[in-house]
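Some notes on the structure that comes next.
The values are calculated or read from the model by the stated rules, or taken from the named source; none is laboratory data. Since we're looking at a predicted model, the values are computed, not measured. Because the Cβ atoms are built from the backbone with ideal geometry, glycine has one as well, and the counts that use them run over all protein chains shown. Ligands, DNA and RNA are excluded from the accessible area calculation, which covers all protein heavy atoms including side chains. Shrake-Rupley method; radii C 1.70, N 1.55, O 1.52, S 1.80 Å.
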Amino acid sequence: MILNTGQRTDIPAFYPKWLANRIKEGFVCVRNPYNPVQVSRYVINPEVVDAIGFCSKNPEPFFPYLDLVKDFGQFWYITITPYGKDIEPMVPDKERVIESFKFLSGKVGTKAIGWRYDPIFVSDKYTIDYHLKAFEKMASSLEGYTEIVVISFIDLYEKVKRNFPEVRAVSENDKLFLGKEIIRIARKHGMLVKPCAEGDFLEKYGADCRGCMTIADYERAIGNKLNAPKHKGARSECACYLSGDIGAYDTCGHLCRYCYANNDVSLVKTNMKNHNPDSPFLIGNYRPDDKINDVAQKSWINGQMSIFDFV
């Protein structure tokens, strides 16, 4: 099966010791965000966990613990955007994140790591020309270290509008122009563009519009075919395989203004104070009314086939 660490928060950046402890102890407890008394308990063992999916803006804090995941399949996305501290107040210097990306690529291989340049929004400061120049510079730096780059255009969820009221949706014309130019630049640097939940309007220009974190991506990363059960995406337009997420909402300390996973900055700060790296839970601990479900887990790897047999 697959465990995902990055849909709800950035575990490598802010909770690396906790994840290391969970791997050492061999299990993790996850509260249902919509019904907190419902707790899923997952075993963390390479015999049943075929891959761990990571999404991070700063993987460096987890680097001291990389040996703990060497026996697991891994697939990493590192988000590197062109925004400054006005938008991403707690994200480290982008050059440092690029160097972390290169280091990690050397550890896991180019098929097991991708770059996320998202979400894209346009403003008086972050103009179309600004994006294209920044993307070209970053793509040049990352050439040879990854084969894929994910893009998406900002979605104006209520939480986004509340935390970032001046942001505006990207026009259809700007999406098309930016998308086509990004595809062109990415191709020049050996990368395939994978739009995230953007439909298929960029497919005819060379984008892979089948999803950005799919079973096929995991298979490519680990070099094995997976007999994965069918899974419904988080949204109707999302084809990604995001089950088994061990994170929690309102816990990401990057405090990006466009964040989809944080509702309230004050709640984030409170939750981070209630984090205990020795607890089975990311935030808090067991409660008297917890209803714990031990998730049925098994390997999905097809032992008769390697993905490289038919690529």
quick note, the chain, DSSP beta bridge pairs, % antiparallel (nearest 5) is 20
The answer for the longest stretch of the chain without any exposed GluC sites (Glu not before Pro) (DSSP loop, at most 10 further Cβ atoms within 10 Å) is 167-311
Most fluctuating of S266, S279, S243 in the GNM of the chain (C-alpha, under 10 Å) is S266
Rounded to whole Å, √(5λ) for the Cα gyration tensor eigenvalues of the chain, largest first, gives 30, 24, 18
Here, D93 and S40, labelled 7 Å along Cα→Cβ, have an inter-label distance in nm of 3.9
So the pair-distance distribution of the range 95-170, from every Cα-Cα distance in 10 Å bins, comes to percents of 17, 40, 28, 14, 0
Note, I80: beta-carbon cut-off 14 Å, +1 each Lys/Arg, -1 each Asp/Glu, net -3
In the range 1-72, the trypsin sites (Lys or Arg not before Pro) that sit in a DSSP loop and have at most 11 other Cβ atoms within 10 Å of their own Cβ are K70
Length gained, S299-R187, 0.36 nm per residue minus C-alpha separation, equals 36.8 nm
Mean accessible area per residue over the range 35-140 (1.4 angstrom probe, all protein chains present, square angstrom) is 40
Here, trypsin sites (Lys or Arg not before Pro) of the range 199-297 satisfying both criteria (DSSP loop; at most 14 other Cβ within 10 Å) are R210, K230, K232, R235
For the pair Y157 and K17, the simple spin-label estimate (label points 7 Å beyond Cα toward Cβ) gives in nm 3.0
Extension length gain for H231 and N274 (0.36 nm per residue less Cα distance), in nm, is 12.2 nm
To the nearest 20 debye, the range 81-193 has a Cα-centred charge dipole, built from +1 on Lys and Arg Cβ and -1 on Asp and Glu Cβ, of 280
Note, I2: beta-carbon cut-off 13 Å, +1 each Lys/Arg, -1 each Asp/Glu, net -3
Expressed in angstrom, Rg and Dmax over the Cα atoms of the range 7-132 are 16.6, 51
In this structure, among K24/K291; K70/K175; K175/K298; K188/K269; K17/K159, pairs with alpha-carbon gaps over 31 Å are K70/K175; K175/K298; K188/K269
Candidate span helices, the chain: DSSP H, at least 18 Å along axis from Cα coords, Kyte-Doolittle average at least -0.5, result 94-108, 128-142
If the chain between L176 and V265 were fully extended at 0.36 nm per residue, the gain over the current Cα-Cα distance would be 28.7 nm
Excluding ligands, DNA and RNA, the carbon-plus-sulfur percentage of the accessible area of the range 55-200 with a 1.4 Å probe reads 51
Per-residue ellipticity at 222 nm attributable to helices in the chain (runs of n ≥ 4 DSSP H, -39500 (n - 2.57) apiece, nearest 500 deg cm²/dmol) works out to -8000 deg cm²/dmol
extent check for the range 116-218: Cα max minus min per principal axis, descending, whole Å, gives 38, 30, 24
